[in-house]
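Asker: Right, I'll just put the structure down here and ask away after.
The values are calculated or read from the model by the stated rules, or taken from the named source; none is laboratory data. In this text the structure is predicted, and so the values were computed from the model without any measurement. Cβ atoms come from the backbone with ideal geometry, glycine included; neighbour counts cover every protein chain shown. Remember, those area values only see protein heavy atoms, side chains included, never the ligands or the DNA or RNA. Shrake-Rupley method; radii C 1.70, N 1.55, O 1.52, S 1.80 Å.
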Amino acid sequence: MREIYLQPGDQYFGSGQIRLVTLLGSCISTLLWHEGRRLGGMNHFMLPTRVNRAEDGFEGRYADESFALFRRQIEAENTTPGEYRVLLFGGANMFSTEPSDRINVGERNIRAARSLLPKHGFIINHADVGGVGYRKLSFDLFTGEVSCTQVNDRRDHVTTGRIQFE
């Protein structure tokens, strides 16, 4: 099995014996999986949108542009957003004692994903978002198996779970 690590701003869509992995803090990863075709993808966006969109196309760093890229990719496969299972991860507050005047980027990313996905025709089947600390995420494109481990900033609380797309 080939493993592909997604950095912030990266996105992958395809099929085969591939495991997608990433590490999330306040960023969000959206997982798409078409069980019948064993086809799917993962993004790793950093911010809801950019102020000044470039002329050269979409970037995966921004939620709105990343979801538009997913739409293009699934349409190229002659599928529709409603055929995919959708999981959402990330959007954590990276510090349990953030000052109240600091912008919570994770919360902004969660709100953007929950708002934008339905606008693109996707239905969120599962969300593991918010909280404190980082998440390590793994997604097997062939089986649809997902593994998520969350560790808070004190390192004394670890939650691990496996999710099977239903």
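Asker: Only residues that are open to solvent by 60 Å² or more (accessible area, probe 1.4 Å) and assigned to a strand (DSSP E or B): list them for the range 36-52, please.
Answerer: Matches in the range 36-52: 47 only.
Asker: Right, another one. How many residues are without any contact (Cβ under 8 Å) to a residue 60 or more places away in the chain and open to solvent by 20 Å² or more (accessible area, probe 1.4 Å) when one looks only at the range 75-94?
Answerer: Residues of the range 75-94 that are without any contact (Cβ under 8 Å) to a residue 60 or more places away in the chain, as a first pass: 75-84, 86.
From what is left, the residues that are open to solvent by 20 Å² or more (accessible area, probe 1.4 Å) are 75-78, 80, 82-83.
Number satisfying all stated conditions: 7.
Asker: While we're on this one: Within the range 54-74, can one find any residue that is over 15 Å from the mean Cα position of the chain (by Cα), in contact (Cβ under 8 Å) with a residue 24 or more places away in the chain and either more than 14 Å from residue 122 (Cα to Cα) or open to solvent by 70 Å² or more (accessible area, probe 1.4 Å) (or both)?
Answerer: No, the range 54-74 has no match at all.
Asker: Considering each residue of the range 1-35, count those that are open to solvent by 50 Å² or more (accessible area, probe 1.4 Å), of a type outside the set (D, E, K, R) and touching a residue at least 40 places away in the same chain (Cβ under 8 Å), and give that number.
Answerer: 5
Asker: Now for a separate question. Tell me which residues, restricted to the range 7-26, are farther than 19 Å from residue 74 by Cα and touching a His at 6+ places or on another chain (Cβ under 6 Å).
Answerer: Within the range 7-26, 8, 22 qualify.
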